[in-house]
Structures are given as structure tokens and as C-alpha cells.
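Values in this text are rule-based calculations from the coordinates and carry no lab data. Model, not experiment: these values are computed from the prediction. When we count neighbours, we look across all protein chains shown, and the Cβ atoms used for this are built from the backbone with ideal geometry, even at glycine.
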Amino acid sequence: MHESGIAEGILKSTLEAAAEAGAVKVNSVDITVGVLTEVMEDALQFAWEAARAASIADGAALNVTMVDARTRCLDCGHEWVHDRYSGAKCPSCEGYLVSLLAGRELRIDSIDID
Ligand SMILES: [Zn+2]
């Protein structure tokens, strides 16, 4: 389980941004997570609750948007959405020369502060 390290990283970035903005409280944090990061949302929420305690982000909601993986075939140009278990082979031409376009994201989209 690597969610606690991720939650701590999110908290660190959040607190840095909040400090820069002169915030006294963090209300919520919106993040985007690709399915290929293998982050489990429940575990991340749990880790977030532990990480945020005793900071100005205590009580702040973590709004997670999960994004599917998307891959493009370099042979025929076909693009398709898939889960973490498929995507190595083009479903259109069955080629293996493919390029991952999305699914490894792990980013903070916005932070709501007071
Ligand atoms: Zn193809």
C-alpha cells in the first residue's frame, strides 16, 4: 500500500500552496488519479484522514477523480480506453506498437482555502 506516501505528498503540496496564499484553513482538495497508478481510492481517503490531522487541512475533503487509461496504436492510429489489465494490444489491428496517453496521472487540480 503506497497510499500513505501519496497522501503525505498531497498534503505537503497543499500546505505549501495554502501557506503561500496566506490561508488559515483548507476546505477541500481536488485531485485526479489515473487507474494505472494502482491507487485505491478508499485506501487513499483513509491515508488522507490520517495525514491531514493536526494541520490546517484537518477536516478537508479529498475529492478524487479517477481517470481510465487511454492508449493509441502507433500502427493504425486507433485510440481506446481500457483498465489497468489491458491496453498492450490494439483492439483494432492487434498491433503491439502502442503508446499510453493517459492513466498515470496523479495531480492536484485545485485547492479550496479560507
Ligand atoms: Zn492498431
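Candidates Thr32, Ile113, Ala53 compared by Cα position along the dipole of the chain: farthest toward the positive end lies Thr32, with charges placed on Cβ. Which whole-number percentage describes the relative contact order of the chain, with Cα contacts under 8 Å and a sequence gap of 6 or more? Relative CO of the chain lands at 35 percent.
The stretch between Glu41 and Asp114, if pulled fully straight at 0.36 nm per residue, gains 23.7 nm over its current Cα-Cα span.
Each label was represented as a point 7 Å from its Cα along the Cα-to-Cβ direction; for Cys93 and Glu49 these points are 5.0 nm apart.
For segment 92-114, the residues whose amide N sits under 18 Å from a probe point set 7 Å from the Cα of Ala21 along the beta carbon direction are 107-114. When each of the peptides 15-25, 71-81 is scored by the mean number of other C-beta atoms lying within 10 Å of its residues, the order from highest to lowest reads 71-81, 15-25. So for the chain: antiparallel DSSP bridges make up what percent, rounded to the nearest 5? That works out to approximately 70 percent antiparallel. Our helix-only sum for the chain, with -39,500 (n - 2.57) per DSSP H run of n ≥ 4 divided by its residues, gives a mean residue ellipticity at 222 nm of -8500 deg cm²/dmol.
Annotation for Leu100 and Glu8: the two label points, set 7 Å from Cα along the Cα-Cβ direction, are 2.4 nm apart. Other residues within the sphere of radius under 11 Å centred on the Cβ of Arg104, judged by their own Cβ, net out at +1 (K and R +1, D and E -1). Computed from point charges on the beta carbon alone (+1 for Lys and Arg, -1 for Asp and Glu), the dipole magnitude for the chain about its Cα centre is near 280 Debye.
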